[in-house]
1. Take the residues in the stretch 114-131 that are part of a helix (DSSP H, G or I) and touching a residue at least 60 places away in the same chain (Cβ under 8 Å); name whichever of them is surrounded by the most Cβ atoms within 10 Å (Cβ to Cβ).
2. Taking the criterion of being more than 16 Å from the ligand (Cβ to nearest atom) and crowded, with 16+ Cβ neighbours inside 10 Å, would at least one residue in the stretch 159-166 satisfy it?
3. Taking interchain pairs and intrachain pairs at least six residues apart, which have beta carbon atoms under 9 angstrom, with the first residue in the stretch 148-164 and acidic (Asp, Glu) and the second more than 16 Å from the ligand (Cβ to nearest atom) and not in a strand (DSSP E or B)?
4. Checking Phe183 against (1) outside any helix (DSSP H, G or I); (2) over 21 Å from the mean Cα position of the chain (by Cα), only one condition comes out false. Which one?
5. Within the stretch 218-266, which residues are aliphatic (A, V, I, L, M), over 20 Å from Leu171 (Cβ atoms) and more than 15 Å from the ligand (Cβ to nearest atom)?
6. Please go through (1) touching a helix residue (DSSP H, G or I) at 6+ places or on another chain (Cβ under 9 Å); (2) closer than 25 Å to Pro215 by Cβ for Arg23 and return the number of the only condition it doesn't satisfy.
7. With (1) exposed (fewer than 12 other Cβ atoms within 10 Å of the Cβ); (2) within 14 Å of the ligand (Cβ to nearest atom) as the list, and Arg172 as the residue in question, which single condition is left unmet?
8. Among all residue pairs at least 6 apart or on different chains, which show Cβ distances below 7 Å where the first residue, located in the stretch 204-226, is among the hydroxyl-bearing types (Ser, Thr, Tyr) and the second is within 16 Å of the ligand (Cβ to nearest atom) and open to solvent by 30 Å² or more (accessible area, probe 1.4 Å)?
Amino acid sequence: MEFEGLLARLWEDYRNINPQAGRIHALLSSRGETVVNDHVAFRTFEHPAVGMAALAPPFLAAGYSQAGTYDFPDKHLRAVHLEHPDPALPKIFISELRVGELPAGLQSSVAALLNQVSPAFLAHPWLCAAGRPWNLSRWEYEALGRFSEYAAWLAAFGFRANHFTVLANSLRTFSSLPELNGFLKSAGFALNGDGGEIKGSPAAFLEQSSTLAAPVRAEFSDESLEIPGCYYEFALRHRLPSGSLFQGFVAGNAARIFTSTDRRRE
Ligand code: NI
């Protein structure tokens, strides 16, 4: 199936940038676990050519439909999540940066990136996996990051999965997210502690944690630099009063998870 090819390509690319995901996947498998992927997340700029609506077609063509919308005013982001009737397929979370809310100089920087994108690149049927079509300087990267870590990450990495997510409910050898987190930390992985390691609560029907993005060498027009790459996320879903498992996302959790790719200051 062509769509499975897309998911496989996204995972390969993501695992190359984020080897800790492959190592954690292998560690869990070696305990006899079968890792189920809860969702794959993408980042983009709000723009007719590359916005959320431009990334969604391969998912819609595969049978996904929009199931939730989210707003992050402080981060100048909005997001949608898509679901497939087959619960074995991961949810898709696509966010976009409201470019019009950036300071004028940074809007110009984003426009300069988008001006480098060729029509052939935009015609890619898998735009969400097409990579980074622009060049930028370290100075531009850092200027974007001072206002929006999200914008800096997106400028540096382009179109690819930002993270995959282990559905903790599917793990048989861990009874809670803190137990899974403890296992990961004892194996040497650093977790994102922003607002506490666990984002959310059973009352919100969703608990999440994530690794901190490990450094990756990124190429800029003037130099290469080690910067935060991708992270691996862990989600424990709880039952709604109706008895069905909550399938949405919680904006307050996600706002904290976004910081997993922040540049960390000494
Ligand atoms: Ni996520």
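1. Cys128
2. Within the stretch 159-166, one or more residues are more than 16 Å from the ligand (Cβ to nearest atom) and crowded, with 16+ Cβ neighbours inside 10 Å.
3. Qualifying pairs under 9 Å: Glu149/Arg263.
4. Going through the list (1) outside any helix (DSSP H, G or I); (2) over 21 Å from the mean Cα position of the chain (by Cα), Phe183 breaks only (1).
5. Ala218, Leu225, Ile227, Leu240 - these are the residues of the stretch 218-266 that are aliphatic (A, V, I, L, M), over 20 Å from Leu171 (Cβ atoms) and more than 15 Å from the ligand (Cβ to nearest atom).
6. The failed condition is (1).
7. With (1) exposed (fewer than 12 other Cβ atoms within 10 Å of the Cβ); (2) within 14 Å of the ligand (Cβ to nearest atom) applied to Arg172, the lone miss is (2).
8. The qualifying pairs are Ser209/Glu197; Ser209/Ile198.
The values are calculated or read from the model by the stated rules, or taken from the named source; none is laboratory data. Small disclaimer: the values here were computed from a predicted structure and weren't measured. No Cβ is skipped: glycine too gets one built from the backbone with ideal geometry, and neighbour counts run over all protein chains shown. Heavy atoms of the whole protein, side chains included, go into the accessibility calculation; ligands, DNA and RNA do not. Shrake-Rupley method; radii C 1.70, N 1.55, O 1.52, S 1.80 Å.
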